[in-house]
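The values are calculated or read from the model by the stated rules, or taken from the named source; none is laboratory data. This structure is a prediction, so every number in the text was calculated from the model and none was measured. Reconstructed Cβ throughout: ideal geometry from the backbone, glycine too, with neighbour counts over all protein chains shown.
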Amino acid sequence: MTVKDIMVTDVPVISDFDTVGDVIRLLGRRRLYGSAVVDLEQNLVGYFSLNRFLSSLFDSYTDTKSLNRTEYLAPLLQQVASQEISDYMEEDFDSLSPSQPEEEALKLLLSTQLEYIPVVKDNRLVGGVEKGKILQALLERGIEKD
């Protein structure tokens, strides 16, 4: 099987000009921790990870004794909420091609902290491989063999 056989095509996408606030609200509604970022021509240009975003905010906070982190985070989020997500997206991230073997997708999913791995063809996002989806495919294949 190839990545094309296990990928989902309805993946969350955010635009590189969306604001941090809008993206946080979108990801919260969809219960996601990250998303692919595309430009106006739908070219894949980055990946936004909530975990890495929060880490970068906390990295700028060094005085952990005098202030509670949640008291620090709320005003900081208000400051960055109107900034474009392109300021916080990762430009160097893992992706897959639809023609790659599913084994490569599994190896990549096990070695990354991404919510899903974007699937790209001709620099355009065509889908994604989610951890749950690949595990489901492997489980069903095992059931079919029994």
*Can you name the number of the only condition in (1) under 17 Å from V3 (Cα atoms); (2) surrounded by 15 or more Cβ atoms within 10 Å (Cβ to Cβ); (3) modelled with pLDDT under 90 that Q100 fails?*
(3)
*Just one of the numbered conditions (1) in a helix (DSSP H, G or I); (2) of a type outside the set (A, V, I, L, M); (3) free of Cβ contacts under 8 Å to residues at least 60 places away in the same chain is not true of E41; which one?*
(1)
*If you go through the stretch 68-126 one residue at a time, how many are closer than 18 Å to L138 by Cβ and not hydrophobic (A, V, I, L, M, F, W, C)?*
9
*asked:* I'm told D92 meets every condition in (1) touching a residue at least 12 places away in the same chain (Cβ under 8 Å); (2) within 17 Å of the chain's Cα centre (by Cα); (3) outside any helix (DSSP H, G or I) except one. Can you identify the failing condition by its number?
replied: (1)
*Quick one: I24 ticks every box in (1) of a type outside the set (F, W, Y); (2) closer than 15 Å to F93 by Cβ; (3) within 14 Å of the chain's Cα centre (by Cα) except a single one, so which number is it?*
(2)
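Within the stretch 19-37, can you find the residues that are buried (at least 19 other Cβ atoms within 10 Å of the Cβ) and either out of contact with any Pro (no Cβ under 8 Å at 6 or more places or on another chain) or not in a strand (DSSP E or B) (or both)? Show your work before the answer.
Of all residues in the stretch 19-37, those buried (at least 19 other Cβ atoms within 10 Å of the Cβ) come to 20, 23, 27, 34-37.
Selection gives V20, V23, L27, G34, V37.
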_Return the residues of the stretch 105-123 that are at pLDDT 90 or above and surrounded by fewer than 24 Cβ atoms within 10 Å (Cβ to Cβ); say none if nothing qualifies._
V120, K121, D122
*Are any of the residues in the stretch 75-86 at pLDDT 90 or above, part of a helix (DSSP H, G or I) and either buried (at least 17 other Cβ atoms within 10 Å of the Cβ) or out of contact with any helix residue (DSSP H, G or I) (no Cβ under 6 Å at 6 or more places or on another chain) (or both)?*
yes
